[in-house]
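Participant: Please find one structure pasted underneath; my questions will follow.
The values are calculated or read from the model by the stated rules, or taken from the named source; none is laboratory data. These numbers come from a predicted model, not from an experiment. Note that we place each Cβ from the backbone using ideal geometry, even for glycine, and neighbour counts take in every protein chain shown.
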Amino acid sequence: MLILTCPVCGVTAEETEFHGGGEAHLKRFGPGSSEGDFHDYLFSKENPKGVHLERWRHNNGCGKWFHAARDTVTLEVYGTYPAQTSEPPQDIKDAISAKRPGWTWRDFS
Amino acid sequence: MSNTVSALNGASASGYVQVHEMGLQGMITLRGDLSAKKLVDAAKTAGGTNVPGRGHIALSGAHGIAWMSPDELLILTPYDEVDARLEGITSKLAGTHHLAVNVSDARAMFAVSGDDALVRETLAKLCPVDMSAAAFAPGQFRRTRMAQVPAAIWLPETGEARVICFRSVAQYVFDLLKGASLAGSEVGYFR
Ligand SMILES: [Zn+2]
């Protein structure tokens, strides 16, 4: 069971008040992109054992989207941060590094 | 003439707390930029109170304003005042990007009354919310999940709780509250 804090409304609740929205920080490849890029956008998702960045929605609360950094093995939540960013903020990176030195996730570390 | 009735027409149940469907209740959804003075002023006039901060509700008699999200307020008002108050918002905000809708008949509202610890326990059985007095106090407003449906809860005063849900699930929520407060099923966790 994950305990998440919605950065929009400030509520801390267990995961059943939220809904997972898949991998974070996807760059969309739509009309006009190559078949390879489009394929990877749709299907080539990260599935790490360890640090993971995800999108979540507070669907039974304020209804807003946000990001979460968590660990798929320990279920520890390193932090949550606003949806309006294309990469995790430094304090989230620092929080992950404190527990998982040397971590990487796609282009982030 | 049609006879307007609420979802459960004032149904009530008596367990270790009292559950009561509160009948017709006026509600207006107001969405827009909550930092804009114009919108705040319109909300204050329609709601009869100040606009509450994040996660809170402001109440004044039969009127009130609840903070729903960073761009949404719920205005509570007597049912027969909704049209006039909605008209007031619409005329004040003419030309300003906003949404104001009468949602009174789309919702149901319940009162849960009794011993404060047992009122809190009833809600704690159904919602993933820390209902301890230290974590949830009168004045706070919480949108959450009640068993399988969305709900919003607040405590107007000690020993009183209010629950708002969609009208379509009013019977379900009434049955939940009734079942959670059956006499003899007290846990006493918050005593
Ligand atoms: Zn939220």
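Listed here are the residues, each with its yes/no results for (1) of a type in the set (A, V, I, L, M, F, W, C); (2) in a helix (DSSP H, G or I); (3) within 14 Å of chain B (Cβ to nearest Cβ).
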{"position": "A:22", "(1), (2), (3)": "no, no, no"}
{"position": "A:28", "(1), (2), (3)": "no, no, no"}
{"position": "A:33", "(1), (2), (3)": "no, no, no"}
{"position": "A:45", "(1), (2), (3)": "no, no, no"}
{"position": "A:52", "(1), (2), (3)": "no, no, no"}
{"position": "A:56", "(1), (2), (3)": "yes, no, no"}
{"position": "A:61", "(1), (2), (3)": "no, no, yes"}
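Participant: Quick check on residue A:67: is it of a type outside the set (Gly, Ala, Ser), within 16 Å of the ligand (Cβ to nearest atom), surrounded by 15 or more Cβ atoms within 10 Å (Cβ to Cβ) and within 14 Å of another protein chain (Cβ to nearest Cβ)?
Facilitator: no
Yes/no per residue for (1) without any contact (Cβ under 8 Å) to a residue 40 or more places away in the chain; (2) more than 14 Å from chain A (Cβ to nearest Cβ); (3) surrounded by fewer than 22 Cβ atoms within 10 Å (Cβ to Cβ); (4) of a type outside the set (Ser, Thr, Tyr):
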site: B:28; (1), (2), (3), (4): no, yes, no, yes
site: B:44; (1), (2), (3), (4): yes, yes, yes, yes
site: B:50; (1), (2), (3), (4): yes, yes, yes, yes
site: B:107; (1), (2), (3), (4): no, yes, yes, yes
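Participant: On to the next question. Could you list, ordered by first residue, the pairs with Cβ atoms under 7 Å in which the first is in segment B:54-83 and under 23 Å from residue B:6 (Cα atoms) and the second is of a type in the set (Lys, Arg) and within 12 Å of the ligand (Cβ to nearest atom), at least 6 apart or interchain?
Facilitator: B:68/B:143
Participant: Tell me, yes or no, whether segment B:141-151 has at least one residue that is among the aliphatic types (A, V, I, L, M), within 16 Å of the ligand (Cβ to nearest atom) and either under 13 Å from the mean Cα position of the chain (by Cα) or within 18 Å of residue B:8 (Cα to Cα) (or both).
Facilitator: yes
Participant: What residue, of B:90, B:29, is under 21 Å from residue A:8 (Cα atoms) and modelled with pLDDT of 95 or more?
Facilitator: Selected residue: B:29, the only one of B:90, B:29 that is under 21 Å from residue A:8 (Cα atoms) and modelled with pLDDT of 95 or more.
Participant: When you check residue B:129 against the structure, is it within 14 Å of chain A (Cβ to nearest Cβ), more than 22 Å from residue B:33 (Cα to Cα) and in contact (Cβ under 8 Å) with a residue 24 or more places away in the chain, yes or no?
Facilitator: So residue B:129 fits the description; yes.
Participant: Shifting gears a bit: Working only within segment A:5-20, note down all residues that are assigned to a strand (DSSP E or B) and either surrounded by fewer than 17 Cβ atoms within 10 Å (Cβ to Cβ) or touching a helix residue (DSSP H, G or I) at 6+ places or on another chain (Cβ under 6 Å) (or both).
Facilitator: A:5, A:12, A:14, A:19, A:20
Participant: Look at segment B:122-178 and say how many of its residues are among the acidic types (Asp, Glu) and assigned to a strand (DSSP E or B).
Facilitator: The number of residues fulfilling the criteria is 2.
Participant: Just to verify a result, which residue in segment B:68-119, among those that are outside any strand (DSSP E or B) and polar (S, T, N, Q), is nearest to the chain's Cα centre (by Cα)?
Facilitator: B:104
Participant: Tally up the residues in segment B:20-48 that are touching a Phe, Trp or Tyr at 6+ places or on another chain (Cβ under 6 Å) and part of a strand (DSSP E or B), please.
Facilitator: 2
Participant: Please pick out the residue among A:80, A:16 that is at negative phi, within 16 Å of the ligand (Cβ to nearest atom) and within 14 Å of another protein chain (Cβ to nearest Cβ).
Facilitator: A:16
Participant: Go through segment B:132-177 and report how many residues are touching a residue at least 24 places away in the same chain (Cβ under 8 Å), aliphatic (A, V, I, L, M) and within 19 Å of residue A:8 (Cα to Cα).
Facilitator: Qualifying residue count for the region: 3.
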